[in-house]
Amino acid sequence: MASPSTTGQFPSPAGGFAPAPGISDKRNVEAVLLAAAVAITTISLILVEMSQDRVIGWPLARYGLAYLVLVLIAHLAIRRFARWADPLLLPIVALINGLGLVLIHRLDLAEQNQARYEGLPIPSPDATQQILWTALAMTGFLVVLIGLRDYRTLARYGYTFGLGGLILLMIPALLPSAYSEVNGAKIWIRLPGFSIQPGEFSKILLIIFFAAVLVAKRELFTTAGKHVLGIDLPRARDMGPIILAWIMSVGVLVFERDLGSSLLLFGTVVVMLYIATERVGWVIVGAALLGVGFVLAYNLFGHVRVRVQTWLDPFQDYAGTGYQISQSLFGLSTGGLAGTGLGSGRPEQVPFAKTDFIVATVGEELGLIGLAAILMLYLIFVVRGLRAALAVRDSFGKLLAAGLACTVAIQVFVVVGGVTKLIPLTGLTTPYLSYGGSSLLANYLLLALLVKISAAAREPSTGVKRT
């Protein structure tokens, strides 16, 4: 009786082994997911217009077409310059960015209706500005994707990036309040017709710096000091980086009155130290330094005490410092489980609903289900970033990818924690979702770095068949 291999039913080469399947770059998967993101964004824009009893015309189509073109350009660039990149990173960001555009447009309509009711001039739509900033951010994304051939070259300039990050952090504190202060926080560079938040870019530069230093000096940080209660604490002479991060964080909190950036910076450094050394002692030291800094700031500076008192009891000064968080809590409770529906709530009652409190807008109009879905998108994004960190072969890439992914996780936690009254308000914006140019541009640069690292991690070795 003939064997299956000779009858043609199960063809195999001489030797009896079937050829190994080719490795797919998953770009078609990315394309399908991007098409779904565009469809969800377009449908959401239409739902907002219909809920406001508005005619669906060219202004709405303009947003949808611009968004589609930007997403398509990014996808084609990844196909050409980062073929093996993770297929989920760009679609997740595109969907979050698109939903942010929908919410900003929805709040624009509310502001325009309010202006008509009060007989005031109709304000220009911020959604148009957000599209322009998205185009600028996409340009930065393409520059990194095309210009940075090998992310490992960044390690050579680690100290330069660190110095640049420090300078960007210091500039707003040194400028007069007229050129740097907005709503009590000195975190801006404000010039006629132009403003930028340099701290958004300093976080990326400092992550590159700390990744380079931790790789180059890893033996110093893995050397154990005293053994206390079963935990190896670091030696005092090796604590320079964490002390530097603590000083920078306290300086940002004191001189710029920016609690959010302070928590984000210090939390990211502590996480990177733990990842680099696998020693819980660094986390304990970091938590102790954070506690000391917070106690000192609370006792020495009035603006910190106001934040804490507002957090503990926002209704004590409801018409003043507690108004924002109170309105946020009212909106979240109104949304309930399923939300009021896009365009059917009143999220404009929350001050800064497009920026710091856009999460409250999500909770009111999409409910707990919608908010949980968006948080799940962030979780998947962070997990995919950490997966790239695990898979990439070099230590610098591992730390850089982990630091970039963790800073997004910390930022989302700090923002959502502040809006829901879990922690004091911080003033950070939600990555890719909130209105704003500096945040959007910086986070697209972060995305480009993660894409490059994931492409290096997923690229098959030489000799493996590619499809």
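When region 144-162 is examined, which residues are found to be among the β-branched types (Val, Ile, Thr) and touching a residue at least 40 places away in the same chain (Cβ under 8 Å)?
Step one: of region 144-162, the residues among the β-branched types (Val, Ile, Thr) are 144, 146, 153, 160.
Selection gives VAL144, ILE146.
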For this session: Looking at (1) crowded, with 19+ Cβ neighbours inside 10 Å; (2) part of a loop (DSSP other than H, G, I, E, B), find the lone condition where ARG149 falls short.
Result: (1)
Exercise. Has region 110-125 got at least one residue that is surrounded by 20 or more Cβ atoms within 10 Å (Cβ to Cβ) and in a helix (DSSP H, G or I)?
Worked result: no
For this session: Report, by residue number, each residue of region 42-93 that is part of a helix (DSSP H, G or I) and β-branched (Val, Ile, Thr).
Result: THR42, ILE43, ILE46, VAL48, VAL69, VAL71, ILE73, ILE78, ILE92, VAL93
Exercise. Within region 381-426, can you find the residues that are closer than 19 Å to GLU278 by Cβ and part of a loop (DSSP other than H, G, I, E, B)?
Worked result: VAL392, ARG393, ASP394
Problem set entry | Criterion (within 19 Å of THR153 (Cα to Cα) and either surrounded by 18 or more Cβ atoms within 10 Å (Cβ to Cβ) or in contact (Cβ under 8 Å) with a residue 60 or more places away in the chain (or both)) met by exactly one of LEU399, LEU441 | LEU399
Exercise. With ALA319, ALA338, ALA372 as the choices, which residue is touching a helix residue (DSSP H, G or I) at 6+ places or on another chain (Cβ under 8 Å) and among the small types (Gly, Ala, Ser)?
Worked result: ALA338
Exercise. Would you call GLY165 in contact with a Ser or Thr (Cβ under 9 Å, 6 or more places away or on another chain), surrounded by 15 or more Cβ atoms within 10 Å (Cβ to Cβ) and small (Gly, Ala, Ser)?
Worked result: yes
Seminar exercise, completed: Matching residues in region 257-282 (modelled with pLDDT under 85 and more than 16 Å from PHE201 (Cα to Cα)) number 8
For this session: Determine, yes or no, whether GLY184 is small (Gly, Ala, Ser) and modelled with pLDDT under 85.
Result: yes
Exercise. Would you say ILE131 is within 27 Å of LEU433 (Cα to Cα), in a helix (DSSP H, G or I) and either in contact with a Leu (Cβ under 9 Å, 6 or more places away or on another chain) or among the aliphatic types (A, V, I, L, M) (or both)?
Worked result: yes
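The values are calculated or read from the model by the stated rules, or taken from the named source; none is laboratory data. As the structure is a prediction and not an experimental result, all values here were calculated from the model. Every residue, glycine among them, receives a Cβ derived from its backbone with ideal geometry; neighbour counts consider all protein chains shown.
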